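Take a look at the structure below.
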Amino acid sequence: MSELLEGPLWLVGAGNMGGAMLRGWLAAGVDPRQVIVIDPAAKDLPEGVIALPAPPPDGAAPAVLVLAVKPQLLDVVAPGIAPALERETLLVSILAGVEVASLRQRFPHPAGVVRVMPNTPVAIGKGVMALHGSGLSADAAALAERLTRPLGLVEWIEREDQFDAVTALSGCGPAFLFRFIDAMADAGAALGLPADQAARLAVATVEGAALLAARSDESPAILADRVASPGGSTREGMNVLDKDGAIRDLLARTLAASARRNAEMAAAARGE
Ligand SMILES: NC(=O)C1=CN([C@@H]2O[C@H](COP(=O)(O)OP(=O)(O)OC[C@H]3O[C@@H](n4cnc5c(N)ncnc54)[C@H](O)[C@@H]3O)[C@@H](O)[C@H]2O)C=CC1
Ligand SMILES: O=C(O)[C@@H]1CCC=N1
């Protein structure tokens, strides 16, 4: 048994996000034999992890149940899983837009429920995990922390109604940044660089800038000013990004669209 986990963890759905969390946990020292993946189509599972198409027939409940299927599949998986859980099982859901009340409706036994909004960099321990708990004992909250800390930054979110915003910012955020990296690389190639070299430069520039921002006491605005010498070339470029609030407006509309979609998924899970 690892120190992270004292009983079995069932992972329902081991696709892009569930699989990334699983790799993060194993890298953090979880014993693969403590994990049961319940996913009829799981691919490329790490060695030692038990994979089953349905809950194990022995009737033993898991210590932790992690729900990681598409939100639209909630009502497909819940009837098969819910009866196998007990009051002490910690229910962890990463389903975008599915509220605690909607989870409790489908999974009535667990006392403690945690909504987690992760992102894919958890696979390398550099993720962001936003947590919102309901009915958590001190032990259950500590278990949720132990499980998420090795995967990256953990932030507890007081109000569940802030989850759509968190999802848009840090849950969806990696995809927006990957688009930004591609667009920067394409722009460099359009100026005459070989495409593969432009791609390497773009990734390394974003990596370095993000690490510098993370480690610096200065705000990103100050760090940007440090790059932009007065009358120099950075200022000319930033003038394009800043014209009429172009980049702020673009990101405000991008996050608002994602948050809106989350709210729609929440309504669907409420049966509206
Ligand atoms: N991909 C991401 O970056 C993030 C995803 N999420 C949430 O994670 C959840 C999963 O998303 P992804 O991993 O991207 O989707 P995915 O499609 O990659 O993975 C879903 C997995 O569920 C499995 N599955 C399908 N039917 C099943 C069933 N009846 N029983 C058990 N497993 C079944 C599939 O085989 C697949 O492996 C979603 O609810 C999403 O909102 C949350 C944060 C970030
Ligand atoms: O696209 C989605 O619905 C999920 C939520 C956050 C990232 N992926």
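Here is a list of conditions, (1) closer than 30 Å to Arg106 by Cα; (2) open to solvent by less than 60 Å² (accessible area, probe 1.4 Å), and Ser216 meets all of them except one; can you say which number that is?
(1)
Could you grab me the full set of residues in the range 109-135 that are surrounded by fewer than 18 Cβ atoms within 10 Å (Cβ to Cβ) and part of a loop (DSSP other than H, G, I, E, B)?
Those that are surrounded by fewer than 18 Cβ atoms within 10 Å (Cβ to Cβ) and part of a loop (DSSP other than H, G, I, E, B): His109, Ala111, Gly125, Lys126, Gly135.
Among the residues of the range 43-65, are any assigned to a helix (DSSP H, G or I), out of contact with any Gly (no Cβ under 7 Å at 6 or more places or on another chain), open to solvent by less than 40 Å² (accessible area, probe 1.4 Å) and not small (Gly, Ala, Ser)?
no
Kindly indicate whether Pro194 is within 28 Å of Ala96 (Cβ to Cβ), more than 16 Å from ligand 1 (Cβ to nearest atom) and either of a type in the set (S, T, N, Q) or in the same structural domain as Leu250 (by TED's automatic domain parsing) (or both).
The answer is no for Pro194.
Mind checking whether some residue in the range 197-217 is assigned to a loop (DSSP other than H, G, I, E, B) and in the same structural domain as Phe180 (by TED's automatic domain parsing)?
yes
Okay, residues lined up against (1) in contact (Cβ under 8 Å) with a residue 60 or more places away in the chain; (2) under 30 Å from His132 (Cα atoms); (3) within 16 Å of ligand 2 (Cβ to nearest atom):
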{"residue": "Val166", "(1), (2), (3)": "no, yes, yes"}
{"residue": "Gly171", "(1), (2), (3)": "yes, yes, yes"}
{"residue": "Ala175", "(1), (2), (3)": "no, yes, yes"}
{"residue": "Arg179", "(1), (2), (3)": "no, yes, yes"}
{"residue": "Ala189", "(1), (2), (3)": "no, no, no"}
{"residue": "Asp217", "(1), (2), (3)": "no, yes, no"}
{"residue": "Ala221", "(1), (2), (3)": "no, no, no"}
{"residue": "Ala228", "(1), (2), (3)": "no, no, no"}
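Can you name the residue in the range 83-99 that is over 23 Å from Ala20 (Cα atoms) and surrounded by 18 or more Cβ atoms within 10 Å (Cβ to Cβ) and, of all such residues, is farthest from ligand 2 (Cβ to nearest atom)? Outline the logic, then answer.
Here is the first cut: in the range 83-99, the residues over 23 Å from Ala20 (Cα atoms) are 83-88.
So of that shortlist, the ones also surrounded by 18 or more Cβ atoms within 10 Å (Cβ to Cβ) come out as 84-85.
Values: Ala84: 26, Leu85: 24 Å.
It comes out as Ala84.
Give the residue, chosen from Arg270, Arg253, Arg248, that is touching a residue at least 12 places away in the same chain (Cβ under 8 Å), exposed (fewer than 14 other Cβ atoms within 10 Å of the Cβ) and more than 15 Å from ligand 1 (Cβ to nearest atom).
Arg270
Report whether or not Ser233 is surrounded by 10 or more Cβ atoms within 10 Å (Cβ to Cβ), away from ligand 1 (no atom under 16 Å from the Cβ), of a type in the set (Ser, Thr, Tyr) and over 25 Å from Leu169 (Cβ atoms).
yes
Taking the range 1-41 only, how many residues are at pLDDT 90 or above, part of a loop (DSSP other than H, G, I, E, B) and surrounded by 18 or more Cβ atoms within 10 Å (Cβ to Cβ)?
5
Of the residues Arg261, Arg270, which single one is of a type in the set (Lys, Arg), touching a Gly at 6+ places or on another chain (Cβ under 9 Å) and within 19 Å of Val69 (Cα to Cα)?
Working: Arg270 fails: touching a Gly at 6+ places or on another chain (Cβ under 9 Å).
None of the other options fit; the residue is Arg261.
The values are calculated or read from the model by the stated rules, or taken from the named source; none is laboratory data. Note that the structure is predicted; figures quoted are calculated from it, not measured. Reconstructed Cβ throughout: ideal geometry from the backbone, glycine too, with neighbour counts over all protein chains shown. These area figures cover heavy atoms from the full protein model, side chains too; ligands, DNA and RNA do not enter into them. Shrake-Rupley method; radii C 1.70, N 1.55, O 1.52, S 1.80 Å.
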